[in-house]
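To start, the structure under review is shown below, and the notes come after it.
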Amino acid sequence: MTTRQRIIYLAAAWCLSYPDEELIGRLPLMRAALAEFPGAVLDFDDVLTHLESEPLMEVQASYVQEFDLGRRHALHLSYWTDGDTRRRGEVLGSFKKAYRQSEILVDTRGELPDYLPMVLEYAAVVDLAVGRDLLTRYRASLEMLRFGLLRDNLPHARILQAICATLPGKSPADEQAVMRMAGYGPPTEAVGLDPYDPRLLPVKEA
């Protein structure tokens with residue numbers, strides 16, 4: 001189970017990252033690694049096929065359109081809980097602290113430390129327990145991202161499904177259930193907000 005989780009996390013990290021020639025070169029490796037575990041490749045197959053069959057420039061343009069130009073599919077976990085508020089700096093600091101405690105130098109490559117592909121890669125190759133704990137802590141963010149991808153009929157939704165399946169408990173049925181899972185009722189300011197608005201998931205004070 002541990003090896004399966006590491007493979008799923010690493011494949012997910014690569015599939016959710018900006019596609020370049022290095023990523024394209026890893027596609028056979030991803031398929032071979034996922035094929036070692038019954039059913040694991042199914043959640044990745046549509047994305048892998050897209051990467052294998054389309055010209056790189058088109059794949060890159062599609063990625064930028066879906067993940068970089070808007071926030072409907074934000075890949076930064078704390079965006080869904082803190083948006084661009086001042087509190088987010090403290091939250092990002094907690095990710096950095098988790099990385100430092102591993103005594104492994106983590107190259108953020110210019111990304112914020114809560115960038116989902118980075119958290120997944122950290123869990124896969126550095127510290128599975130700590131990385132999985134970060135994913136579990138931000139399970140609500142993962143689920144909201146999954147619903148956003150489903151709403152826009154993007155195949156990456158199944159990759160989020162695969163990630164969530166490695167975490168405790170079942171995935172909620174809808175966004176309101178995500179909020180209940182996180183310990184919140186519907187916020188009073190939610191009227192008129194888009195379902196992926198980060199104010200739907202305020203951070204619970206300890």
Note to self: Report every pair of residues separated by at least 6 positions or lying on different chains whose Cβ atoms are under 7 Å apart, first residue within segment 1-26 and on the phi < 0 side of the Ramachandran plot, second basic (K, R).
What the structure shows: W14/R26
Item checked: V106 modelled with pLDDT of 85 or more and either buried (at least 17 other Cβ atoms within 10 Å of the Cβ) or under 16 Å from L10 (Cα atoms) (or both) -> no
Next item on the list: Just give me the residues in segment 1-34 being among the polar types (S, T, N, Q) and touching a helix residue (DSSP H, G or I) at 6+ places or on another chain (Cβ under 6 Å), in sequence order.
Entry: S17
Notebook entry, point to check: Picking from S141, S171, which residue would you name as being open to solvent by 20 Å² or more (accessible area, probe 1.4 Å) and among the hydroxyl-bearing types (S, T, Y)?
Noted result: S171
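Let's see how each residue does on (1) under 17 Å from the mean Cα position of the chain (by Cα); (2) at pLDDT below 95; (3) open to solvent by 30 Å² or more (accessible area, probe 1.4 Å):
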{"residue": "W14", "(1), (2), (3)": "yes, no, yes"}
{"residue": "P19", "(1), (2), (3)": "yes, no, no"}
{"residue": "M30", "(1), (2), (3)": "no, no, no"}
{"residue": "L42", "(1), (2), (3)": "no, no, yes"}
{"residue": "L48", "(1), (2), (3)": "yes, no, no"}
{"residue": "E54", "(1), (2), (3)": "no, no, yes"}
{"residue": "Q60", "(1), (2), (3)": "no, no, yes"}
Notebook entry, point to check: Is there a residue being part of a loop (DSSP other than H, G, I, E, B), closer than 25 Å to Y138 by Cβ and in contact with a strand residue (DSSP E or B) (Cβ under 7 Å, 6 or more places away or on another chain) anywhere in segment 26-39?
Noted result: no
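The values are calculated or read from the model by the stated rules, or taken from the named source; none is laboratory data. Because the structure is a prediction, the values reported are computed rather than measured. Counting neighbours? That spans all protein chains shown, and the Cβs are built from the backbone with ideal geometry, glycine included. Note: accessible area is taken over every heavy atom of the protein model, side chains too, but ligands, DNA and RNA are not part of it. Shrake-Rupley method; radii C 1.70, N 1.55, O 1.52, S 1.80 Å.
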